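The values are calculated or read from the model by the stated rules, or taken from the named source; none is laboratory data. On a predicted model such as this, the values are computed, not experimentally measured, just so you know. All Cβ positions, glycine included, derive from the backbone under ideal geometry; neighbour counts span all protein chains shown. With ligands, DNA and RNA removed, areas are computed over all heavy atoms of the protein, side chains included. Shrake-Rupley method; radii C 1.70, N 1.55, O 1.52, S 1.80 Å.
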Amino acid sequence: MNNQSNASASGASSVRRVTVASALGTTVEYYDFTLYATTAALVFNDVFFPADNAMVGTLAAFATFFVGYLARPLGGIIFGHYGDRLGRKTILVITMVLMGGGTFAVGLLPSYDSIGIWAPILLTLIRLLQGLGMGGEYGGGVLMALEYSPRERQGFYTSLVHIGTPAGVLLPVGIVTLLDAWLPEGAYESWAWRLPFLASIVLIALGVYIRTQISESPEFVKAREDRQSHRLPVKELFAGYTGRVVTSVIAKIAESGLFNVYYVVAIAYVTTELGQPREPVLLAVLVACAIECFTLPLFGALSDRVGRRAVYIGGAVFQLVLAVPFFLLVSTGSLPLMILGMTLGLAVGHGAMYGAQAALFGNLYPVGVRYTGLSVTQQIGATLGGGLAPLLGTALITAGGGHWTWVAVYAVAIAALSSLAATRLKAGEAVREPVGTPVMKP
């Protein structure tokens, strides 16, 4: 009896440790993308993309933001291949270094005034390298939690990994808000914007250390022992699971795209078009992200009880209904109403989809192609959704004469599209072989 208790306690400890390691990677990933998106909306249009028209400069900054997304599918295929062939752990250390190193490098990059055209060129190259790293990060991080956790609690444990997303927003936005409030006027735009990029080195060091202390995924180890690996996982993936890949990519678009509509596009709209101070909208984002850190595991646990697909579709439909009220709320300039709008969008709508997503998508593929399959789904879907949303949202606001109407139409359209696609997903029928209790490093 004691041996069973000890094994159970060891297994629970292993899951927790792997979940923390995976969540740190997600935090670094979204710390970078959020920090870049925030700084692009507030500063980069002047630092790296000088233009007479502020909105044109913002569009150029968001175009570089999109470049990082473009590299992610390729990174997903490359690192997914080696993750399915060689294992999840080693790849996760490599992707952490690539992501974090790029963030740190942006903080050292000279401005356009200092080196001219080389500033945006170097920024674009950094974003490409980061995109490659990020393309392989998500799949491996989520799968470590998925493959360590008991099947009946996969929704809960993988949703804990996703806490890294709002946490990765909370940290940089909090730092930017504090710097903007405490420093003399103009200091943030002049030089202090670099500090959050340079501070990322702390997260990188912690993440790399923790990831070197965990063992390989037990499901992958068993699959390798049973010779279930494939010479070319991406070829096997599209030979047998093309329909699942396409459907899950479409289902992913709204989750990623609407997150950036609520956050990135809304900040640019409120500060650039409405001319409102940035502190209230940034504070609203902070509050909403803090709340989402708690709603994500709630929705993950709910998906374990009522089904991943049901929770995912419910979140998409909620956001479809929310599109117009959201912009009405954030346009008021009232802090309580901004907080309400952001909380409904991020903590409820996005939280429901994101809380159920990893367990839903991860179980669509068998172990031998799972890293590649989940990475391709995540990165192509995120590119078409989150990558395009800031660019399209800003362009739609400009085309609409500075009003949000067409952005709301876009939000409704992708929410409807993704909810319909999700109805076609098989909610996790991929076969999982039973494995023993994983053994961790001492």
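Observations on the model:
- Checked across region 47-60, the condition of being open to solvent by 40 Å² or more (accessible area, probe 1.4 Å), at pLDDT below 80 and hydroxyl-bearing (Ser, Thr, Tyr) holds for no residue.
- Hits in region 390-421 (condition: closer than 12 Å to ALA268 by Cα and open to solvent by less than 10 Å² (accessible area, probe 1.4 Å)): PRO390, GLY393, THR394, ILE397
- Where a residue in region 305-323 is over 17 Å from LEU364 (Cβ atoms) and open to solvent by 70 Å² or more (accessible area, probe 1.4 Å) and its partner, wherever it lies, is part of a helix (DSSP H, G or I) and hydrophobic (A, V, I, L, M, F, W, C), with Cβ under 7 Å and at least six apart: PHE318/VAL348; PHE318/ALA352
- For region 284-315, a tally of residues being small (Gly, Ala, Ser), within 18 Å of TYR263 (Cα to Cα) and within 17 Å of the chain's Cα centre (by Cα) returns 3.
- Region 277-303 residues that are more than 18 Å from TYR31 (Cα to Cα) and part of a helix (DSSP H, G or I), paired with ones that are open to solvent by 20 Å² or more (accessible area, probe 1.4 Å) and small (Gly, Ala, Ser) (beta carbon under 8 Å, 6 or more apart): GLU279/ALA181; PRO280/GLY333; SER303/ALA310
- Taken together, the criteria place GLU236 among residues that are open to solvent by 10 Å² or more (accessible area, probe 1.4 Å), among the charged types (D, E, K, R) and over 22 Å from LEU391 (Cα atoms).
- The residues on offer are ARG424, ARG432, ARG370, and the sole one that is of a type outside the set (S, T, N, Q), at pLDDT 90 or above and either open to solvent by 10 Å² or more (accessible area, probe 1.4 Å) or within 30 Å of ARG231 (Cα to Cα) (or both) is ARG424.
- Contact map, region 384-406: residues that are part of a helix (DSSP H, G or I) paired with residues that are of a type in the set (Lys, Arg) and open to solvent by less than 10 Å² (accessible area, probe 1.4 Å), Cβ distance under 9 Å, separation 6+ or inter-chain. Pairs shown: LEU384/LYS252; GLY385/LYS252; GLY387/ARG72.
- For region 25-39, a residue qualifies if it is closer than 18 Å to VAL285 by Cβ and either without any contact (Cβ under 8 Å) to a residue 40 or more places away in the chain or in contact with a Leu (Cβ under 7 Å, 6 or more places away or on another chain) (or both), and the qualifying residues are THR27, TYR31.
- Residue in region 338-348 that is out of contact with any Leu (no Cβ under 8 Å at 6 or more places or on another chain), assigned to a helix (DSSP H, G or I) and either basic (Lys, Arg) or free of Cβ contacts under 8 Å to residues at least 24 places away in the same chain (or both) present: no
- Residue check for GLY136: closer than 23 Å to ALA358 by Cβ and in contact with a Lys or Arg (Cβ under 7 Å, 6 or more places away or on another chain): no
- Every residue from region 331-348 that is under 19 Å from ALA254 (Cβ atoms) and either open to solvent by less than 30 Å² (accessible area, probe 1.4 Å) or modelled with pLDDT under 95 (or both): GLY341, MET342, THR343, GLY345, LEU346, ALA347
- Qualifying residue in region 121-144 (condition: open to solvent by 10 Å² or more (accessible area, probe 1.4 Å), assigned to a helix (DSSP H, G or I), over 22 Å from ILE201 (Cβ atoms) and of a type in the set (A, V, I, L, M, F, W, C)): yes
- The single residue among TYR112, TYR138, TYR157 that is more than 19 Å from ALA192 (Cα to Cα) and modelled with pLDDT under 85 turns out to be TYR138.
- Count of region 239-269 residues which are over 24 Å from TYR312 (Cα atoms) and surrounded by fewer than 23 Cβ atoms within 10 Å (Cβ to Cβ): 2
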